[in-house]
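First comes the structure, then the notes that go with it.
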């Protein structure tokens, strides 16, 4: 539709005058996130509860990315913990931010882990992902909620 509209404009105004943006699609986000499940209820005895986050680089160039845990509302006095795995490795529960390179045109899986450690309670964690050089323009967040009974 956009392409044919540009042809109509060219026919109206002459082939020599072409408007900026005609003939090209609107730019897409640099990366997209797909989170199949953001809430789970499990037994408190479950050792590791994993939330998958699929990240896709929508560009033909590698992206320098950063993730940051911006919320970690868990019952720490009950021994709960969360941890995050990017495409390079899984980090300890005390690591709250890290950089990684997302390959060109790649889709990879990231994991947000909850460790209830046998204690019944609820918890929430939020991970923000962004292009390292442009947090304000590219930040996307994922929030996961866990109830352990």
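What residue, among those in segment 77-94 that are free of Cβ contacts under 8 Å to residues at least 40 places away in the same chain and assigned to a strand (DSSP E or B), is surrounded by the fewest Cβ atoms within 10 Å (Cβ to Cβ)? Steps first, answer last, please.
At the first step, the residues of segment 77-94 found to be free of Cβ contacts under 8 Å to residues at least 40 places away in the same chain are 77, 81, 83, 85-94.
So of that shortlist, the ones also assigned to a strand (DSSP E or B) come out as 81, 83, 85, 90.
Details: 81: 16, 83: 18, 85: 16, 90: 11.
Result: 90.
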Practice prompt. Quickly run through segment 95-116 and pick out the residues that are assigned to a loop (DSSP other than H, G, I, E, B) and touching a residue at least 60 places away in the same chain (Cβ under 8 Å).
Written response: 116
Item to complete: Filter segment 65-76 for residues that are surrounded by 15 or more Cβ atoms within 10 Å (Cβ to Cβ) and over 17 Å from residue 139 (Cβ atoms) and give the result.
Response: 72, 74, 75
Practice prompt. Filter segment 119-149 for residues that are farther than 27 Å from residue 61 by Cα, part of a strand (DSSP E or B) and touching a helix residue (DSSP H, G or I) at 6+ places or on another chain (Cβ under 6 Å) and give the result.
Written response: 121
Worksheet item: Regarding residue 123, is this residue surrounded by 13 or more Cβ atoms within 10 Å (Cβ to Cβ) and at positive phi?
Response: no
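Just so you know, all these numbers are worked out from the coordinates, no wet-lab data involved. In this text, all values refer to a predicted model and were calculated from it rather than measured experimentally. Please note: Cβ atoms are built from the backbone with ideal geometry, for glycine as well, and neighbour counts cover all protein chains shown.
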